[in-house]
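Down below is the structure, laid out as structure tokens.
The values are calculated or read from the model by the stated rules, or taken from the named source; none is laboratory data. If you're wondering where the values come from, they're calculated on a predicted model, not measured in any experiment. Note that each Cβ is placed from the backbone with ideal geometry, even for glycine, and that neighbours are counted across all protein chains shown.
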Amino acid sequence: MSNEQEFGPQESSVIEREFDPLSYSGLGDAIASAFIRQPRQPLESFVGGASSGVYALYYHGEHDAYARLRQNWFSESEILKVPIYVGMGITRSNKGVEPVSSNRLRSRITGYRGKIEKVDLHSRDFHVVFLTMRDAWAVLAETYLISNFRPVWNVAVQGIGGNAPGRNRGSAFSDWDALHPGRQTQGPRVAEALERRPAILKRVREMLDEFFVGRYSSLTDDLRPGFVGRHER
């Protein structure tokens, strides 16, 4: 056998991929690593003045739907804390033309504080983390954080971002309002919303159990380089 035959090019099953630091996943990992290093602030006393960026709410109260999140928050071994909700505040409209607000991020976060206090939750049981960035990056950051952390208020129980149910409106309550009654206590839709509550509660618990059993470990490994010591609660 000749040297060419023995040492020449061989077929390989390895698929070579070019590394792109500006790829979606590369940028997303960088943003997520920066995000988890930001300080946590009590939602109850939040007065941040940032104009635009991405934020997350973390819950550690006694509500029975979120026992797994409370366990995660106070766990010494689970250093990566999992948000209950991720959102963004941008200074321009969806079309990117007219400015919406110079303090959009702050108004978003304080607005949720008001909504939470009207239902069976308390703002003292929440912390908030935010990362200031330009509008275009905020859109990417929100999408990436939601796809990785799977926050239950984004994925399983939507509705906190909407207006309170109107007493005379024909539209049904959101899942969030059905699980957390209080923003509307009278009207034809209240009874129907309360009937949905057990199924929503079951869905939330199952989703959190599935996340912590499956996704959490790999997510922690992916973002471990972003940790700087142990975060203080």
Inset, instruction - Select from the range 167-226 the residues that are part of a loop (DSSP other than H, G, I, E, B), small (Gly, Ala, Ser) and at pLDDT below 75 and write down the one among them that is nearest to the chain's Cα centre (by Cα). - result: ALA172
Legend entry - From the options PHE74, PHE35, residue that is buried (at least 18 other Cβ atoms within 10 Å of the Cβ) and either modelled with pLDDT under 95 or among the hydrophobic types (A, V, I, L, M, F, W, C) (or both): PHE35
Inset, instruction - Would you please name the residue that is farthest from SER23 (Cα to Cα), looking only at residues in the range 133-145 that are out of contact with any Leu (no Cβ under 7 Å at 6 or more places or on another chain), surrounded by fewer than 20 Cβ atoms within 10 Å (Cβ to Cβ) and not acidic (Asp, Glu)? - result: ARG134
